[in-house]
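Chemist: Sharing a structure below in structure tokens format, with a few things to ask.
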Amino acid sequence: MKRALLVLAVVACKGREPEPSGVGQWRFTASTLADVKHGDCQPTKLFDGRQATWCFGLTPYKIGKRVAEVDLYFLGTDPDAKLIEIQLKVRGCLDEELDQWMRSAMGPPYETRGTRGYWKNGFMWALALMPSEPGRCVVHFLPLDEGSEIERLKQI
């Protein structure tokens, strides 16, 4: 009986798709500042005072029929600084299109408030501002251990 349950559990786990741990080539579980080969990177400070690096002008990412600008934030300025935020800025954004893309990537939001949708899985938390201003949506992805930044974004 125990063996049958173990086999069933293994089959069930193999049948489930893995949860995303990032967007495109960028992964919270592996990407570091050294992985940035294109674009510009500048030192910055986070709202809580920590040193970070902001990278912009990176290869755009396709979201549905739209193209998103990609900004990345890394904790620190050393080449091994870990990725702590992926920000997508979608111009000409249609909120229904972005919502559909987010649902296909991360499932249904755990909360929606007005023009905001919140998602979470075992690796990351996401906030989609649909729209953040006319014709533009912004999506923030952060690893779950970035509690202070997640709390800050919940307040904007």
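Chemist: In the stretch 97-113, what residues are more than 11 Å from C137 (Cα to Cα) and assigned to a helix (DSSP H, G or I)? Lay out the reasoning, then the answer.
Modeler: Filtering the stretch 97-113 for residues more than 11 Å from C137 (Cα to Cα) gives 100-113.
Correct list: Q100, W101, M102, R103, S104, A105, M106.
Chemist: Can you tell me which residues in the stretch 82-100 are buried (at least 20 other Cβ atoms within 10 Å of the Cβ) and either touching a Cys at 6+ places or on another chain (Cβ under 7 Å) or free of Cβ contacts under 8 Å to residues at least 60 places away in the same chain (or both)? Steps first, answer last, please.
Modeler: Of the stretch 82-100, the ones buried (at least 20 other Cβ atoms within 10 Å of the Cβ) are 83-86, 88, 90, 93, 98.
Passing the criteria: V90, C93, L98.
Chemist: While we're here: Please work out which residue is surrounded by the fewest Cβ atoms within 10 Å (Cβ to Cβ), limiting yourself to the stretch 39-81 and to residues that are in a loop (DSSP other than H, G, I, E, B) and small (G, A, S). Don't jump to the end; show me each part of the working.
Modeler: Filtering the stretch 39-81 down to residues in a loop (DSSP other than H, G, I, E, B) leaves 39, 46-50, 57-60, 64-65, 76-81.
Cutting the leftovers down to small (G, A, S) gives us 39, 49, 57, 64, 76, 81.
Numbers: G39: 13, G49: 7, G57: 12, G64: 15, G76: 16, A81: 19.
Across the stretch 39-81, the extreme among qualifying residues is G49.
Chemist: To continue, here is another question. What pairs come out if I take residues in the stretch 50-78 that are free of Cβ contacts under 8 Å to residues at least 24 places away in the same chain and pair them with residues that are among the aliphatic types (A, V, I, L, M) and in a loop (DSSP other than H, G, I, E, B) whose C-beta lies under 6 Å away, six or more apart or interchain?
Modeler: Pairs found: C55/V36.
Chemist: Within the stretch 107-156, which residues are farther than 17 Å from L72 by Cβ and either aromatic (F, W, Y) or buried (at least 20 other Cβ atoms within 10 Å of the Cβ) (or both)? Spell out how you get there, then give the answer.
Modeler: Taking the stretch 107-156 as the starting set, the residues that turn out to be farther than 17 Å from L72 by Cβ are 107-122, 128-137, 144, 147-148, 151-152, 154-156.
Once the filter is applied, which keeps residues that are farther than 17 Å from L72 by Cβ and either aromatic (F, W, Y) or buried (at least 20 other Cβ atoms within 10 Å of the Cβ) (or both), the stretch 107-156 yields Y110, G117, Y118, W119, A128, L129, M130, C137.
Only the coordinates and a few stated rules stand behind these numbers; no lab work does. Bear in mind the structure is a predicted one, so any value in this text is a computation, not a measurement. All Cβ positions, even for glycine, are placed from backbone atoms using ideal geometry, and neighbour counts span all protein chains on display.
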